[in-house]
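Worksheet: one structure, shown below.
The values are calculated or read from the model by the stated rules, or taken from the named source; none is laboratory data. Just so it is clear, the structure is predicted and the values come from calculations on it, not from any experiment. Cβ coordinates were reconstructed from backbone atoms using ideal geometry, including for glycine residues, and neighbour counts include every protein chain displayed.
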Amino acid sequence: MLGIIGGTGLTKLANLEITHRQVARTPYGEPSGALTFGRLCGEEIIFLARHGYGHTIPPHEVNYRANLWALKEHAVDRIVSIATVGGINPALPAGSMVVPDQIIDYTWGRIGTFAISGEKQVTHLDFTEPYCEAMRRDILRAASLKNLAVRDGGVYAVSQGPRLETAAEINRMERDGADMVGMTGMPEAYLAREIELCYAAIGVVVNDAAGRGASKNGIHETDIQRGLEDLMGRVRVLLEELVVLAHPESCPK
C-alpha cells in the first residue's frame, strides 16, 4: 500500500475517496496526527500530515519514528514524502519540482534510529543511496505521463530548523554539493530504510535559498505562500498518476 507524508492540502486529490481516519499508537509515542485512509483509482492509500493537521509541530519535534512505524503497522510498504525546499542550485528556481537522489544531514539532536541500546546487536545499514530507486523511477514516469517538469536527481541538504538558514550557511551547503535545502528529510529517510519501507521524496521548491535570487535580501512568508497552491496542485496531479500506474483500468478519465 502507498503511504503519503506531506501537508494537509494533499487530501484534496481529485479522485480520492476518504473512507476514515484512525488514531494510531506506537511503541515510540504518537504520530503527528491520525492516519487518513482512502481509495484513489481503486488503490488504497494512507495519508499522514507530517506537521499535524493544524501544522503545529516544528520539524525538529516531529516524531519521525512514530510516523513511520504507524504507517508500516497499517500495511504501507511504499512511501512518497512531499517536502517543501529552498532552491540552492540555479537550476531549481521557485516553482520547480525535483526528485532528489542524495542527502546531506545537518540536523542534530533528533532520534535517528529504531535501535535502542542493549535491546539487540547494533547493525550498520548501507545508506549509500538514501532513496528507493524503484520509487524514484515511478515518480518520474508519472510526471512524464502528465507532462509535468520534474528534475531527476539532486542533493537535499537537511537543516535543523525551525529558523531559515543564513546566507553563509547556504554558501557552505553549496560548497558541500547541495542543490536544495529543507528541514524534514532526515531522519525520515533513514528510519524508512531501517524498517524496510520503499521511500522517495518529491522536493517542492517554494523559494530561492537565503542569499540567492529573489531571496538575496531576505525570505518573506508571503513569497513562499504565493506559489505554493499551484505547486501543490501539480503535486496532486503527479500523485494521482502515480496511483493510476498501478491500476490504470479503474480510474475515471
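What to note about this one:
- In segment 58-83, the qualifying residues are those that are over 13 Å from PHE47 (Cα atoms) and part of a helix (DSSP H, G or I), and the one that is farthest from the chain's Cα centre (by Cα) is GLU73.
- All positions within segment 204-218 that are outside any strand (DSSP E or B) and either buried (at least 20 other Cβ atoms within 10 Å of the Cβ) or not aliphatic (A, V, I, L, M) (or both): ALA209, ALA210, GLY211, ARG212, GLY213, SER215, LYS216, ASN217, GLY218
- Members of segment 37-49 that are in contact with a Ser or Thr (Cβ under 6 Å, 6 or more places away or on another chain) and in a strand (DSSP E or B): PHE37, GLY38, PHE47, ALA49
- Which listed residue is more than 24 Å from GLU44 (Cβ to Cβ) and touching a strand residue (DSSP E or B) at 6+ places or on another chain (Cβ under 6 Å), from ALA201, ALA178, ALA168: ALA178
- Flag not set for LEU231, criterion: part of a helix (DSSP H, G or I) and either charged (D, E, K, R) or buried (at least 21 other Cβ atoms within 10 Å of the Cβ) (or both).
- Here segment 1-42 is the region considered, the condition is being under 30 Å from ALA115 (Cβ atoms), touching a strand residue (DSSP E or B) at 6+ places or on another chain (Cβ under 9 Å) and surrounded by fewer than 16 Cβ atoms within 10 Å (Cβ to Cβ), and the residue that is modelled with the lowest pLDDT is MET1.
- Reported count of residues in segment 162-186, each being surrounded by fewer than 17 Cβ atoms within 10 Å (Cβ to Cβ) and under 18 Å from the mean Cα position of the chain (by Cα), is 1.
- All positions within segment 156-190 that are within 21 Å of ARG78 (Cα to Cα) and of a type outside the set (Ser, Thr, Tyr): GLY185, MET186, PRO187, GLU188, ALA189
- Flag if GLY52 is surrounded by fewer than 18 Cβ atoms within 10 Å (Cβ to Cβ), among the small types (Gly, Ala, Ser) and either on the phi < 0 side of the Ramachandran plot or touching a Ser or Thr at 6+ places or on another chain (Cβ under 7 Å) (or both): yes
- In segment 111-154, the residues that are farther than 20 Å from VAL243 by Cβ, crowded, with 19+ Cβ neighbours inside 10 Å and not basic (Lys, Arg): PRO130, GLY154
- Of all residues making up segment 85-102, the number that are surrounded by fewer than 20 Cβ atoms within 10 Å (Cβ to Cβ) and not in a loop (DSSP other than H, G, I, E, B): 1
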